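S.K.: Let me begin by handing over the structure; questions about it come next.
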Amino acid sequence: MKLSKFAQGIVAIAGSAALGLSIATIAEAANPETVTAQVTFADPVTITTNNALQYGVIDQVLNTETITIAPDSSTSGTGTGLILGGTQAAASLDVSSTSGNTLTILIDNIVNGTGYALSAFVCNYDAGTDTACNSYTPSSTGANKTLLIGATLTGDNNAVPGAANGSFRVTIAYQ
């Protein structure tokens, strides 16, 4: 196929433009720089329960009295005179995580026992400050640190003799 002089000129201009773009691209690529991508993967947070939250043996007439176990295992509240014996102690958990990161602690899935309700959970991580668990964001300090958890037990007038174990879930994650 024979091109007119005008068409030949346009093809020549287009070819020159393409060659110019190609040369410019090569010129920019002549000075590459390699950039390192740095990533550090944190160890998963692990939690192991050492001791349950323990209120001991309580008189069935707890009614609507309260017994609070603090993270240091001290007791307070209007129902402490109804503690008949047994062990009163905060829950104790071992926590391992990667140092230098902020943790978030969450208490949920609270299952109350017959005759009482659990509330007002207080945490103390690695001998720090007692703080409401669901607003506690301590700094991770590494492996085998202790998390102590206390809470308030409030009677609901429905206590019956025998064990009335409840439970709660502790979730600890990097923030």
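The values are calculated or read from the model by the stated rules, or taken from the named source; none is laboratory data. Quick caveat: nothing in here was measured; it's all calculated off a predicted structure. So basically every Cβ, Gly included, is an ideal-geometry build from the backbone, and we count neighbours across all protein chains shown.
S.K.: Exactly one condition in (1) more than 18 Å from Ile58 (Cβ to Cβ); (2) touching an Asp or Glu at 6+ places or on another chain (Cβ under 8 Å); (3) outside any strand (DSSP E or B) is false for Thr78; which is it?
M.R.: Exception for Thr78: condition (1).
S.K.: Of the conditions (1) free of Cβ contacts under 8 Å to residues at least 60 places away in the same chain; (2) in a strand (DSSP E or B), Val39 clears all except one; give me its number.
M.R.: Looking at each condition in turn, Val39 falls short on (2).
S.K.: For Asn109, only one of the following conditions fails: (1) in contact (Cβ under 8 Å) with a residue 24 or more places away in the chain; (2) farther than 17 Å from Gln54 by Cβ; (3) part of a loop (DSSP other than H, G, I, E, B); (4) not β-branched (Val, Ile, Thr). What is its number?
M.R.: (3)
S.K.: Return yes or no: is Ala117 surrounded by fewer than 18 Cβ atoms within 10 Å (Cβ to Cβ), over 21 Å from the mean Cα position of the chain (by Cα) and either outside any loop (DSSP other than H, G, I, E, B) or modelled with pLDDT of 90 or more (or both)?
M.R.: Yes.
S.K.: May I ask you to list pairs of residues, at least six apart or on different chains, whose Cβ atoms are under 6 Å apart, with the first in the stretch 148-170 being farther than 11 Å from Tyr55 by Cα and modelled with pLDDT of 90 or more and the second being of a type in the set (D, E, K, R) and outside any loop (DSSP other than H, G, I, E, B)?
M.R.: If the second residue must be of a type in the set (D, E, K, R) and outside any loop (DSSP other than H, G, I, E, B), the pairs left are Arg169/Asp108.
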